[in-house]
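Below: the structure, in structure tokens.
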Amino acid sequence: MASRPIVPQQARGEAVVGGGVKQQKKAGAAAEGRNRRALGDIGNLVTVRGVDGKAQPQISRPITRSFCAQLLANAQAAAAAENNKKQVCVNVDKSHVLLDGIGVGKKAVGAKPAQKKVTVKPKAQEVIEISPDTEEDVKAKKQEVGPVNKKKEGEVASSKKKSQTLTSVLTARSKAACGLAQKPKKVQVVDIDAKDANNDLAGVEYVEDIYKFYKLVENESQPTNYIHTQTEVNEKMRAILIDWLTDVHQKFELSLETLYLTINIIDRFLSVKIVPRRELQLVGMGAMLIASKYEEIWAPEVNDLVCISDRAYSHQQVLTMEKTILGKLEWTLTVPTHYVFLVRFIKAAIPDEEMENMVYFLAELGIMHYDTLMFCPSMLAASAVYAARCTLNKSPAWTDTLKLHTGFSEAQMMDCAKLLVYFHSKAPESKLQVVYKKYSNSQKGAVALIPPAKSLLSGDVAVKKNTA
């Protein structure tokens, strides 16, 4: 909107528009005619002076009340920016004076003119309050802080990102002093279920929850130490029984799930029932019959078990023992055995065929001996994987992926792993050769013939001498 030029009023004695004072003369008709000047320059060529008295550039537009206010505001903003620069310099001088301990009074007196109360925007105020430690920081801040009216919005945003607050500087110094400046090592975990994303039978959406549940309930189905309660059965007899059942399992070509469940049923039954020596083999036959019915599609018949035991027991005795075992265990057959953990932990190890066979070899050696009964199934499975990797010189022996999925560290598994490697070293000269011969076959990679891990044989392993 156009504004009218300001016409001087005769009632006022002086005009302060141009910064000079003019004396108004009395207007007469003849004198006004002689002294009249051209009216085209009135309000167009005006000399405006700022707050500090310096002349401002000529303005080629009419001077209105709002335009004058705008000019005055710009002049005040420029004066405030200069005061800010002076104030920063004064603060730096004060910091040096306090450090040196000399001339405190003089600096304080010289700093008084810079303490004028000036209206400053929030950003300029922050620069005044924070006192840098060195003169280089002061120069850097001066370059970043300029007249507010000359900065664009993009430059303001970039300067905010670059500027560091006093809190961030102090935090960085504290971390450096405490040795925390280095970033922690990133945990490298492999997604072992990525390949089974499209396999509905793998249950990728639920597998983590399933194994969390297994870890919670594995101690409920874990058999307790029972040898001291048995009057006629000892550890050596149990090892002979499991060695024979492993041979029967291999001849019937049953799944590994059946073998591990059979041993679990035997140990849990012996924990709650005292068994005579002559019925120990019958307990093994009944346990394998139950496990086969639970795991296999075509389970062996009772007559097959009677024949393979050289008719030491009758058909009716096997069925009676089956009923007795189920009654004592309260029909609880859905339990997490060693096998369910072995499958998951082997998968987490990203194995080849040789390492997989080595893990199963060490695990079967372990469950054959009573000394491993003190370890939970997940511990034995994880220790078998760890001992297998050490035996095959895999590096690293224990990865972040294995630690995540097993929940055990190397230190936690060390005792059990040393025990398994000890059994491996004694397997060639043991009287119980079924497991050793099974994994000495080329179909199993002949992993039993590989020398045991020397690094795990260095420590002392407390093993009873009668375990084979």
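Data for the structure
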| item | result |
| --- | --- |
| Residue in region 267-280 that is more than 43 Å from the chain's Cα centre (by Cα), within 17 Å of ALA363 (Cα to Cα) and not acidic (Asp, Glu) present | no |
| Where ILE308 falls short, out of the listed (1) in contact (Cβ under 8 Å) with a residue 60 or more places away in the chain; (2) over 14 Å from ILE325 (Cα atoms); (3) out of contact with any helix residue (DSSP H, G or I) (no Cβ under 7 Å at 6 or more places or on another chain) | (3) |
| Residue match in region 359-372 (condition: assigned to a helix (DSSP H, G or I) and surrounded by fewer than 16 Cβ atoms within 10 Å (Cβ to Cβ)) | no |
| Restricting region 159-202 to residues that are part of a loop (DSSP other than H, G, I, E, B), at pLDDT below 60 and polar (S, T, N, Q), the residue that is least open to solvent (accessible area, probe 1.4 Å) | SER163 |
| Failed item in (1) outside any helix (DSSP H, G or I); (2) open to solvent by 60 Å² or more (accessible area, probe 1.4 Å); (3) under 30 Å from CYS390 (Cα atoms), with GLU354 passing the rest | (1) |
| Any hit, region 203-213, residues being among the small types (Gly, Ala, Ser), at pLDDT below 90, open to solvent by less than 40 Å² (accessible area, probe 1.4 Å) and part of a loop (DSSP other than H, G, I, E, B) | yes |
| Count - residues of region 214-226 that are farther than 24 Å from PHE345 by Cα and open to solvent by 30 Å² or more (accessible area, probe 1.4 Å) | 2 |
| Boolean, LYS347 is among the charged types (D, E, K, R) and farther than 25 Å from SER442 by Cα | no |
| Hey, ASN303 surrounded by fewer than 16 Cβ atoms within 10 Å (Cβ to Cβ), in contact (Cβ under 8 Å) with a residue 12 or more places away in the chain and polar (S, T, N, Q) or not | yes |
| Identity of the residue in region 386-409, without any contact (Cβ under 8 Å) to a residue 24 or more places away in the chain and surrounded by fewer than 18 Cβ atoms within 10 Å (Cβ to Cβ), that ends up farthest from the chain's Cα centre (by Cα) | ASN393 |
| In region 331-351, residue most open to solvent (accessible area, probe 1.4 Å) [restricted to those that are hydrophobic (A, V, I, L, M, F, W, C), touching a residue at least 40 places away in the same chain (Cβ under 8 Å) and farther than 14 Å from PRO377 by Cβ] | ILE350 |
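The values are calculated or read from the model by the stated rules, or taken from the named source; none is laboratory data. Small disclaimer: the values here were computed from a predicted structure and weren't measured. Glycine also receives a Cβ, built like all others from the backbone with ideal geometry; neighbour counts cover every protein chain displayed. For accessibility, only protein heavy atoms count, side chains too; no ligands or nucleic acids. Shrake-Rupley method; radii C 1.70, N 1.55, O 1.52, S 1.80 Å.
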